[in-house]
Amino acid sequence: MTWTDRKRVLIAEDDGLVRETLRTRLGVAGYEVHVARTGTEALQRILAIKPDVLVLDINMPELDGFGVMEALRAEQPDLKLPIMVLSARRNEDDVKRAVALGARDYVLKAQAETDLLGRIQRLLRRTG
């Protein structure tokens with residue numbers, strides 16, 4: 001991947017340690033990484049940078065991850081942004097709700113250390 005064709009990843013995560021760990025890992029892997037600390041900021045950044053993938057936490061201040069997905073669906077119904085939900089919650093209802101709102105993947109934070117890069121690569125391959 002050359003610097004001119006790097007894929008943009010937006011990480012929407014309020015936990016500073018998790019956010020910076022993901023930013024570092026993805027940056028080293030060659031991605032152009034942007035971050036948002038709140039759901040509201042995530043919506044603003046999506047419009048500004050047009051990411052290729054959104055890594056979205058569920059529990060965030062101002063607007064949670066479900067609210068972000070609902071807003072995207074309502075305000076930009078034609079948006080083809082692949083969304084990977086990253087959550088500490090292992091709850092089947094949360095997974096079903098996330099998928100119903102457009103998430104293409106749901107990763108537990110405990111799995112993120114080993115699975116994240118491969119999952120992002122698969123999402124990008126599926127969406128062209």
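A short reminder: the numbers here are calculations on the coordinates, not readings from a lab. Predicted model, so just to flag it, every value in this text is computed and none were measured. All Cβ positions, glycine included, derive from the backbone under ideal geometry; neighbour counts span all protein chains shown.
Computed values, structure above
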| quantity | calculated |
| --- | --- |
| ³J(HN,Hα) computed for each position of segment 75-89 - Karplus, 6.51 cos²θ - 1.76 cosθ + 1.60, integer Hz, glycine/proline x | 8, 9, x, 8, 5, 9, 7, x, 10, 10, 7, 10, 9, 7, 8 |
| Total charge dipole magnitude, segment 3-120, about the Cα centre, Cβ charges on Lys, Arg, Asp, Glu only, Debye to nearest 20 | 320 |
| Partner lysines for Lys109 [C-alpha distance under 21 Å; skip if fewer than 8 residues away on the same chain] | Lys96 |
| For segment 70-118: rounded, prolate or oblate by the Cα gyration tensor [a/c cutoff 1.5] | oblate |
| Cross-link partners of Lys80 among lysines (Cα-Cα below 16 Å; sequence separation of 8 or more within a chain) | Lys7, Lys50 |
| Nearest-0.05 FRET efficiency for Asp93 and Lys50, computed from C-beta distance (R0 22 Å) | 0.10 |
| Prolate/oblate/rounded call for segment 1-127, Cα gyration tensor, a/c under 1.5 rounded | rounded |
